[in-house]
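See below for the structure under consideration.
Read the figures in this text as sums done on the coordinates, not as results from a lab. Quantities reported herein were computed from a predicted structural model and do not represent experimental measurements. Backbone-built Cβ (ideal geometry, glycine too); neighbour counts: all protein chains shown.
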Amino acid sequence: GAGVSQTPSNKVTEKGKYVELRCDPISGHTALYWYRQSLGQGPEFLIYFQGTGAADDSGLPNDRFFAVRPEGSVSTLKIQRTERGDSAMYLCASSGQAGANVLTFGAGSRLTVL
Amino acid sequence: GENVEQHPSTLSVQEGDSAVIKCTYSDSASNYFPWYKQELGKRPQLIIDIRSNVGEKKDQRIAVTLNKTAKHFSLHITETQPEDSAVYFCAATFNDYKLSFGAGTTVTVRA
């Protein structure tokens with residue numbers, strides 16, 4: 001597509017529920033990134049994919065968070081047993097090749113855990 | 001890991017004046033320093049970037065300077081306009097993908 005697309009744009013859920021956030025990167029971009037942005041803060045790195053594999057998942061806060069990219073394009077960020085502290089904007093970005101580091105961000109998915 | 005500090009957190013300038021935002025980083029191996037602009041409710045957008053083999057880069061009213069010895073870099077916006085009002089984030093990385101962002105500077109341009 002023309003840009004990075006993220007769905008849903010807004011997600012409200014109850015504590016303890018499971019959520020999935022989807023990212024559709026720019027067509028042909030091999031690298032995909034997930035960041036989390038809390039209110040009034042800069043984005044924080046979560047995970048980076050090169051193709052289908054997670055090249056670096058060191059930013060995932062705990063084992064409730066998991067992300068996949070099975071066909072090397074669309075990625076899904078999965079959060080189990082959500083907690084109120086998970087409330088944030090989840091940003092996806094893609095770039096043209098590993099090491100290109102010019103990230104294009106999506107509009108984000110705002111997650112609110114009640 | 002990399003730690004990026006950004007100052008000031010808020011900046012109010014009169015239209016037509018200049019705005020300067022400063023960032024420091026901790027990892028001397030960092031070699032790529034982008035700046036992102038984020039308007040309210042919108043995605044961060046890259047406005048300018050600089051690599052460690054360059055000391056200064058300019059793009060119309062925007063310029064970035066880098067001092068590797070001191071480990072700091074700055075964004076300069078000249079002749080500010082109301083549409084420059086936004087949150088600006090600096091970032092740094094040494095491995096090309098794991099950007100470490102500053103906390104952001106909210107810039108308000110007064111007409």
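Across region A:21-92, Cα pairs under 8 Å and at least six residues apart give a relative contact order of 36 percent. The Kirkwood radius of the protein assembly as shown, taken over pairs of alpha-carbon atoms, gives through the Stokes-Einstein law at 25 °C and 0.890 mPa s a diffusion coefficient of 136 µm² s⁻¹. For A:LYS17, list the lysines whose Cα falls under 22 Å from its own Cα; do not include residues on the same chain fewer than 8 positions away. Within the straight-line limit of under 22 Å, A:LYS17 reaches these lysines: A:LYS78.
Extending 7 Å from Cα along the Cβ direction at A:ALA2 and again at B:GLU83 yields two label points whose distance is 1.7 nm. At q = 0.17, 0.22 Å⁻¹, what is the log10 ratio I(q)/I(0) for chain A, with the Debye formula run over Cα points and no solvent? One equal scatterer on each Cα of chain A leads to -0.74, -1.23. As a calculated quantity, the FRET efficiency between B:SER18 and A:ASP56 at R0 = 41 Å, using C-beta atoms, amounts to about 0.60. Per-residue 3J(HN,Hα) values for region B:96-111, derived from phi via the Karplus relation 6.51 cos²θ - 1.76 cosθ + 1.60 with θ = phi - 60°, read 6, 9, 8, 5, 9, 9, x, 7, x, 10, 8, 9, 10, 9, 8, 6 Hz in sequence order (x marks Gly and Pro). For the residues of B:42-50, the average number of beta carbons from a partner chain within 10 Å of their own beta carbon is 4.
On full extension, the segment bounded by B:ALA103 and B:ASN67 gains 11.0 nm, given 0.36 nm per residue less the C-alpha separation. Could you list, in their original order, any pairs among A:LYS15/B:LYS42; B:LYS22/B:LYS71; B:LYS37/B:LYS57; A:LYS11/B:LYS37; B:LYS37/B:LYS58; B:LYS37/B:LYS71 whose Cα atoms are separated by more than 19 Å? From A:LYS15/B:LYS42; B:LYS22/B:LYS71; B:LYS37/B:LYS57; A:LYS11/B:LYS37; B:LYS37/B:LYS58; B:LYS37/B:LYS71, over 19 Å: A:LYS15/B:LYS42; A:LYS11/B:LYS37; B:LYS37/B:LYS71.
Geometric descriptor of region A:1-42, per residue, is 111 Å³ (volume of the convex hull of the Cα atoms). Hydrodynamic estimate: the Kirkwood radius of chain B over Cα pairs, inserted into Stokes-Einstein at 10 °C and 1.306 mPa s, corresponds to D of 114 µm²/s. Given their separation in residues at 0.36 nm each and the Cα-Cα distance between them, B:GLU39 and B:ASP59 gain 5.2 nm when the chain is fully extended. Once the Cβ-Cβ distance between B:LEU46 and B:GLU5 is put in as r, and R0 is 22 Å, what FRET efficiency do you end up with, to the nearest 0.05? The computed FRET efficiency comes out at 0.60. Rounded to whole numbers, the Karplus 3J(HN,Hα) couplings from phi for region B:43-52 are 6, x, 10, 5, 10, 6, 9, 9, 10, 6 Hz, using 6.51 cos²θ - 1.76 cosθ + 1.60 with θ = phi - 60°, and x at Gly and Pro.
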